Amino acid sequence: MRPLLRVVEVGRYAVSTAVVSFWRHRTMSVAAVFATMVMMLLLNAFVIVLSNLNVALHALEQKVDLIVYLKDDVGPAEGIALADRLRSETDVLQAVYLSKDEAMARLKAQLADRTDLLEMVTGNPLPATVEVRLRDPSRIPALASSLRTLPYVEEVPVQQDVLDNLLRISRFTRIAGAVMVAGLLGVTLFVIVNTIRLAVYSRRQEIEIMKLVGATDWFIRWPFVLEGVLYGLIGATTAVLLVGAAYRPMQAQFLSLVQFLPVNLDPTFPLKLSGLTAAVGVAIGAAGSYISVRRFLDV
Amino acid sequence: MIVLHDVCKQYPNGVQALSEVNLQIPERDFVFLVGPSGAGKSTFIRLLIRDELPSRGRVFVDGQDLSRLRRRELPDLRRKVSVIFQDFKLLPDKTVFENVAFALQVSAYSRMEIQQMVPETLDLVGLADKSDRFPCHLSGGEQQRVAIARALVRRPSVLVADEPTGNLDPVTAAQTVQLLVRINALGTTIVIATHNSELVNTMRRRVVALEGGRIVRDQKNAGYA
């Protein structure tokens, strides 16, 4: 038989068998769809919390500045050149030169209501600085030590313990988040496998007969895998619709409650989350069916 | 051509089902495999469709060593060597037509081919008028003929049957075997495991008798005992 015709016939058979079986064993199908939906809702909740936590941590990380104090005898030309050079580096988000006068002006503005303190200051003791903000704050110590070697740099202080703590917390949060998502995916797969296994078990005689009349493993597997895809797709779509309906109102509620915490306001985030949910649902449904049917193929 | 060379089969529980079996079954042969329960008949059949592997020795079908068959080559063997069982193994939620068509679907035959081949085969087994019935609406003999039609529809070179008349009354059993004789006349090698002595005595074909897993007699135009 021509290969293309064979693919078409197998495809037709697999799709029609999957749909018929989905309908014929509808109690089981509803159970599998429901299990997928609950798991996808949990996954969504996890991803939403983690992504917001990530945004908050990222915002916090970027608040860490590196301040390069320049020697008093250094003119603005070197300072501006250093800021320009730093800006050209990919790691650097922002680099601003602040002259002695500008530093003083800023201090005056900050202490506008404490003129008594300002009166104690004679002349301008403030050094010129370059304020650097990095994309990745873990690069701060390395950059600080390389800057310290420059002849016109007086000092580059680094609050190592604060930086270390922040980096440790954010690393831990990200790893724990990844582990929890992986764990949840594992549990989802386990639930789906066991739900589908019941459906496959009720059809083991059919599988045995298929093997005996010469069906290939994949011929037997395809309808089950497609049925799993159907469970995953319907379960994930339901979860996406529920999350879609609840996401904006909950976000608004959250924003009004905790205004100081940065949240994920990326407008494409819900769409990305929907895509991720659908893809994970389909993949887990297909993988669950594949695993469930495997042990029944040894006939 | 089927060849069994020095075949032994011992199950994991220690039961020795076959011992030093040597046998040749040429193409178009018609063989009764006889013997009491536990003689090794079913194991013999299961070795031919490679549902089991011998513990020692070799089984060849058309020159192919079944022990060396890869998993993905198994469907090809099962299409060449069809099998029918005492309990028919029909799918209860499929009609007669669908049960037979099933064997073609798994080999990805087109719908047109299925529409042509299934009625031809149902006609051969005398069930042309019952193609829309479900197995539960058929008699035992009719169900066995559906199983034969399913085994036959892809024109296998070998048809093996494990106690095909075990659940049938004597008249229906005789009709079923007559059907297998006709199929044999069309060129298919037939191997039937049975302990139906009356049938074997009537047919006077080649008889291979097993006892305790060993071949104790291999005789042409023979009877049961």
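The values are calculated or read from the model by the stated rules, or taken from the named source; none is laboratory data. Everything numeric in this text was worked out from a predicted model, so none of it was measured. With ideal geometry, Cβ positions are generated from the backbone for all residues, glycine too; neighbour counts draw on all protein chains shown. Only protein heavy atoms, including side chains, enter the accessible area calculation; ligands, DNA and RNA are left aside. Shrake-Rupley method; radii C 1.70, N 1.55, O 1.52, S 1.80 Å.
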Legend entry - Theoretical ellipticity at 222 nm over chain A - DSSP helices of four or more residues, -39500 (n - 2.57) apiece, nearest 500: -24500 deg cm²/dmol
Inset, instruction - Please determine, in degrees from 0 to 90 and to the nearest 10, the orientation of helix A:160-201 with respect to the longest principal axis defined by the Cα atoms of chain A, where the helix direction is its Cα long axis. - result: 10
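Let me check something: with ligands and nucleic acids excluded, how do A:Asp116, A:Asp164, A:Asp298, B:Asp29 order by accessible area (1.4 Å probe), largest to smallest? Working shown, then result.
Details: A:Asp116 80, A:Asp164 60, A:Asp298 115, B:Asp29 30 Å².
If we order A:Asp116, A:Asp164, A:Asp298, B:Asp29 from most to least accessible, we get A:Asp298, A:Asp116, A:Asp164, B:Asp29.
Normalised by the residues of region A:54-155, what does the relative contact order come to in percent, with Cα pairs under 8 Å and at least six apart?
Details: 127 pairs, mean separation 46.3, N = 102.
Relative contact order, region A:54-155: 45 percent.
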Legend entry - Point-to-point label distance, B:Gln175-A:Asn54, nm (Cα→Cβ direction, 7 Å offset): 7.1
Legend entry - Dipole moment magnitude, nearest 20 debye, region A:65-134 about Cα centre, only Lys, Arg, Asp, Glu C-beta charged: 80
Legend entry - Local electrostatic count, B:Pro170, Cβ distance below 15 Å [Lys/Arg +1, Asp/Glu -1]: -3
Inset, instruction - Under 1.5 on a/c is rounded, so check that first for the protein assembly as shown, then, if it is not, pick prolate when a/b is larger than b/c and oblate when it is not; a ≥ b ≥ c are the square roots of the alpha carbon gyration tensor eigenvalues. - result: prolate
Inset, instruction - Could you state how much accessible area is buried at the B-A interface, both sides summed, with a 1.4 Å probe, in Å² to the nearest 100? - result: 2100
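How do B:Arg133, A:Arg24 stack up against each other in accessible area, from largest to smallest, with a 1.4 angstrom probe?
A:Arg24, B:Arg133
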Legend entry - Of B:Ile183, B:Leu138, B:Ser55, farthest towards positive along the dipole that unit charges on Lys, Arg, Asp, Glu beta carbons give chain B: B:Ser55
Legend entry - Whole-number percent relative contact order across chain B, with pairs defined as alpha carbons under 8 Å at least 6 apart: 28
Inset, instruction - Can you send over the solvent-accessible area of B:Ser55, 1.4 Å probe, protein chains only, in Å² to the nearest 10? - result: 70
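Rank these residues by their accessible area, most exposed first, probe 1.4 Å: A:Lys108, B:Lys94, A:Lys63, B:Lys9.
On the way: A:Lys108 110, B:Lys94 45, A:Lys63 145, B:Lys9 20 Å².
Largest to smallest exposure gives the sequence A:Lys63, A:Lys108, B:Lys94, B:Lys9.
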Inset, instruction - Quick one: which residues, 5+ away or cross-chain, put their amide H under 5 Å from the amide H of B:Ser19? H built at 1.01 Å from N. - result: B:Lys9, B:Arg214
Inset, instruction - Could I have the simple spin-label model distance between A:Leu118 and A:Gln253, label points 7 Å from Cα toward Cβ, reported in nm to one decimal? - result: 4.8
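Expressed as a rounded percentage, what relative contact order does chain A have, with Cα pairs under 8 Å and six or more residues apart? Intermediate results must be reported in sequence, preceding the final value.
Numbers: 331 pairs, mean separation 88.9, N = 299.
30 percent.
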Legend entry - Burial ranking of peptide ranges B:12-24, B:185-197 (average Cβ count within 10 Å, highest at the top): B:185-197, B:12-24
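Go through A:249-257, A:44-52, A:236-244 and give me the packing order, highest mean Cβ count within 10 Å leading.
Order by mean packing, descending: A:236-244, A:44-52, A:249-257.
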Legend entry - Charge dipole (chain A, unit charges on Cβ, about Cα centre) - positive-most of A:Val263, A:Leu42, A:Gln110: A:Leu42
Inset, instruction - Let me have the 222 nm mean residue ellipticity of chain B computed from DSSP H runs of 4+ only, each contributing -39500 (n - 2.57), with the sum over all residues rounded to the nearest 500. - result: -10000 deg cm²/dmol
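Kindly work out what percent of the DSSP beta bridges joining two residues of the protein assembly as shown are antiparallel, to the nearest 5.
Numbers: 32 of 51 bridges.
Just about 65 percent of them are antiparallel.
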Legend entry - Between 0 and 90°, nearest 10: helix A:100-110 axis offset from chain A longest Cα axis: 70
Inset, instruction - Rounded to whole Å and sorted largest first, list the principal axis extents of the Cα atoms in chain B. - result: 46, 41, 33
Legend entry - Label-to-label distance, nm, for residues given as A:Leu242 and A:Ala182 (7 Å Cα→Cβ offset): 2.7
Legend entry - Inter-chain Cβ neighbour average for residues B:105-116, partner chain, 10 Å: 5
Inset, instruction - On a 0 to 90° scale, report how tilted helix A:217-257 is relative to the longest principal axis of chain A, with both axes built from alpha carbons and the result rounded to the nearest 10. - result: 40
